[in-house]
Amino acid sequence: MKRRLARAAKRVGLYGAALAFTVFAVFPFYWMFLTAFKQDRDLYVGGTVATHIPWIFNDPPTLEHVQLLFRQTLYLTWVRNTVWIGGLVVLITLLFALPAGYALARLAGRWGERLGIGIFLTYLIPPTLLFIPFSRVIAVLGLQNSPWALVLVYPTFTIPFCTWLLMGFFRSIPRDIEEQAMIDGYSRLSAMRKVVLPLAISGILTAAIFAFTLVMQDFVYALTFISSVGKMTVSLGIPVALVRGDVFYWGSLMAAALITSVPIAIVYNLFIDRFIAGLTAGAVKG
Amino acid sequence: MALKEAQSVVAAAPAVFRRRTLADRDDALGRLLLAPALLYVVLLVGVPFGMAVLLSLSAARSGTLTFPWVGLRNFWTIAADAQFRLALRNTTLFTVVSQVLVMVMATAAASVLEAAFFGRRGVRMLLLLPWAVPVSLAAMAWTWIFDSTFSVVNWTFRAVGLLKGWLYWFGDPTLAMIAIITVHVWRMFPFATVIVLAGMSAIPAEIREAAVVDGASFWRRLFQVHLPLLLPVVTVAVLFGVVFTSTDLSVVYLLTRGGPYNSTHVLASLAFQRGILGADLGQGAAIALFLLPVLVVVAILMLRVARRAEVGG
């Protein structure tokens, strides 16, 4: 009886802890959701009014804020900017990181391992250390307030990161496969292109997706280089340009945050396991 | 007969005696494939990094491209600057407090996620959300949550009787710092949880079962079995956390813009304010570079941990 009680208590504790962590993690998203669909008179009630419960819809939900977002703000322009900047950066990143990742996994010996760690460490050099010299480089190139500045700068963190990730994926593919292909008469390069790349496709996709999300995450470089509202990315436009003077359009703001976050969150969750596998495989000797 | 043999050798020749090209010399090919990525990183990380050091020794301003050399003057100026010292203190406080909280929470969350219970996959998925969402969007949600008039946190505290008055989260330096740390912990702990969880699953089950069979209590198992085995992986998580926390400006900038009265600036946000908004590139670079020694130490520690894990594995 006592044992069973203790077991039950443990169970309750476990669920309680799981619930607490979940609530903490999810609360801001719930708040985005509520705010995005609440009517203004439901939203802007002084918080001190104890009878008005902010946690629920007190009035029926509305699409007013979402409509405002799509019709009267540049949200769609920002999405477009983010997509083409992110797409280009992913392309550039893969072009550089794929050969490098393969070389580090297969062709380089002892020095490759060191170099791999070295490249990964450059990923840790924070944007906040580099935005000042970059602002000068960008000025010299005449790219102030141009999205091209971001296309140039974002690969500085996506290339090291994806090189490391891809190195991990390549290592997890058995060496014998390309050795067999080379015995069959393929050169190293064609073995790589025709045999290894198709096997690595899911890893490449993972790297591309994470490069894209890294681009979406950036706030510092966008803030430093872009000043025109029409040239902003979502990460910059939403917090900076949806506030007019001192007025926050909270409904539309939260709608924008929610609509942007949901697809990222879904994609992230779909790929997280593969992502962790790649990240840790890079650290384990192949 | 001999002729036929010779013919078959000739026929096979293209495969066997194919000319060795560059592509077959692994070493050279390796260098060739690595070169573009390396070049990009050297040109766009290495060079700007060197520029940051040079800029910190100059009185350069944005708008002009001159480079007036002033030696260490920028460093003396900021060292005597009360606002800089406050930013340095804030950065330290912000990093240490949030990392301690993150690691405690991540270890707890990882233990929870390790246990088998109904809905575990769902919980894991939801816990990852804060890490996936772009920081600037999450920060806006938190700004609204901590709003001076409509704060749901305040309303809830009052409703359950924890609070009598009304807290102005971004109007008071201490409260603003608490808000900043809360947001940062919220954002960082999922990532740390994932790392710790990966480390936990790497601990052999026999070791844990042996500890249970030997009758070790929960706390003893935690402190004498789990945590020591987790140490390398936790170290990596902490080092990552320190780098991402001590150099972050987005949470501070978005939540408070460094206010009230410049009381919540961290080094990165102060560097932004002086270097970009204030156009004093030299001073901005000097402030940003203050983090460099910390980062170097972190990098060295990381390499050490990586090497030790290698030896151990």
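The values are calculated or read from the model by the stated rules, or taken from the named source; none is laboratory data. Bear in mind that the values here come from a model prediction, so they are computed numbers and not experimental data. Cβ placement follows ideal geometry from the backbone for every residue including glycine, while neighbour counts extend to all protein chains displayed. Each accessible area value is taken on the protein alone, full model and side chains, heavy atoms only, with ligands, DNA and RNA left out. Shrake-Rupley method; radii C 1.70, N 1.55, O 1.52, S 1.80 Å.
Does region B:84-101 contain any residue that is under 30 Å from A:G112 (Cα atoms), open to solvent by 40 Å² or more (accessible area, probe 1.4 Å) and not in a loop (DSSP other than H, G, I, E, B)?
Within region B:84-101, not a single residue is under 30 Å from A:G112 (Cα atoms), open to solvent by 40 Å² or more (accessible area, probe 1.4 Å) and not in a loop (DSSP other than H, G, I, E, B).
Let me confirm something: among A:V240, A:V220, A:V215, A:V267, which residue is facing chain B (nearest Cβ under 9 Å) and crowded, with 20+ Cβ neighbours inside 10 Å?
A:V220
I'd like the full set of residues that are over 21 Å from A:A256 (Cβ atoms) and either at pLDDT 90 or above or more than 7 Å from chain A (Cβ to nearest Cβ) (or both), limited to region B:128-150.
B:S148
Testing A:V220 on (1) over 15 Å from the mean Cα position of the chain (by Cα); (2) within 24 Å of A:R80 (Cα to Cα), one condition comes back false. Which one is that?
Unmet for A:V220, out of (1) over 15 Å from the mean Cα position of the chain (by Cα); (2) within 24 Å of A:R80 (Cα to Cα): (1).
Condition first: over 22 Å from the mean Cα position of the chain (by Cα) and open to solvent by 30 Å² or more (accessible area, probe 1.4 Å). Now tell me which residues in region B:116-152 satisfy that.
B:A116, B:F118, B:G119, B:R120, B:R121, B:G122, B:S148, B:T149, B:F150, listed by residue number.
Away from chain B (no Cβ under 13 Å) and either free of Cβ contacts under 8 Å to residues at least 24 places away in the same chain or touching a Phe, Trp or Tyr at 6+ places or on another chain (Cβ under 8 Å) (or both): is that true of A:P61 in this structure?
Yes; evaluated as a whole, the condition is true for this residue.
Does B:V225 satisfy the criteria of being over 20 Å from the mean Cα position of the chain (by Cα), open to solvent by 60 Å² or more (accessible area, probe 1.4 Å) and either modelled with pLDDT under 80 or farther than 26 Å from A:F131 by Cα (or both)?
Answer is no for this residue.
Let's see how each residue does on (1) among the aromatic types (F, W, Y); (2) in contact with a Leu (Cβ under 8 Å, 6 or more places away or on another chain):
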{"site": "A:Y186", "(1), (2)": "yes, no"}
{"site": "A:A191", "(1), (2)": "no, no"}
{"site": "A:P198", "(1), (2)": "no, no"}
{"site": "A:Q217", "(1), (2)": "no, no"}
{"site": "A:T233", "(1), (2)": "no, yes"}
{"site": "A:P239", "(1), (2)": "no, yes"}
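Conditions first: (1) open to solvent by 40 Å² or more (accessible area, probe 1.4 Å); (2) assigned to a helix (DSSP H, G or I); (3) not acidic (D, E). A:Y186 passes all but one, so which condition is the exception?
Only one criterion is unmet by A:Y186, namely (2).
Only one residue in B:V243, B:V238 is in contact (Cβ under 8 Å) with a residue 40 or more places away in the chain and open to solvent by 10 Å² or more (accessible area, probe 1.4 Å), so which one is that?
Answer to the selection: B:V238.
What helices (runs of 4 or more DSSP H) completely inside region B:247-302 contain at least 3 residues that are of a type in the set (A, V, I, L, M, F, W, C), open to solvent by less than 10 Å² (accessible area, probe 1.4 Å) and at the interface with chain A (Cβ under 10 Å from one of its Cβ atoms)?
Here the list reads B:267-272, B:281-289.
Exactly one of these conditions fails for B:S111: (1) closer than 22 Å to A:P126 by Cβ; (2) open to solvent by 30 Å² or more (accessible area, probe 1.4 Å). Give me its number.
(1)
Here are A:L141, A:L150: which of them is hydrophobic (A, V, I, L, M, F, W, C), more than 7 Å from every other protein chain (Cβ to nearest Cβ) and open to solvent by less than 10 Å² (accessible area, probe 1.4 Å)?
A:L150
Could you please let me know if B:V225 is in contact (Cβ under 8 Å) with a residue 40 or more places away in the chain and either assigned to a helix (DSSP H, G or I) or more than 26 Å from A:I117 (Cα to Cα) (or both)?
It is false that B:V225 is in contact (Cβ under 8 Å) with a residue 40 or more places away in the chain and either assigned to a helix (DSSP H, G or I) or more than 26 Å from A:I117 (Cα to Cα) (or both).
What number goes with the only condition from (1) open to solvent by 10 Å² or more (accessible area, probe 1.4 Å); (2) out of contact with any helix residue (DSSP H, G or I) (no Cβ under 7 Å at 6 or more places or on another chain); (3) at the interface with another protein chain (Cβ under 10 Å from one of its Cβ atoms) that B:I178 does not pass?
All conditions pass for B:I178, except number (3).
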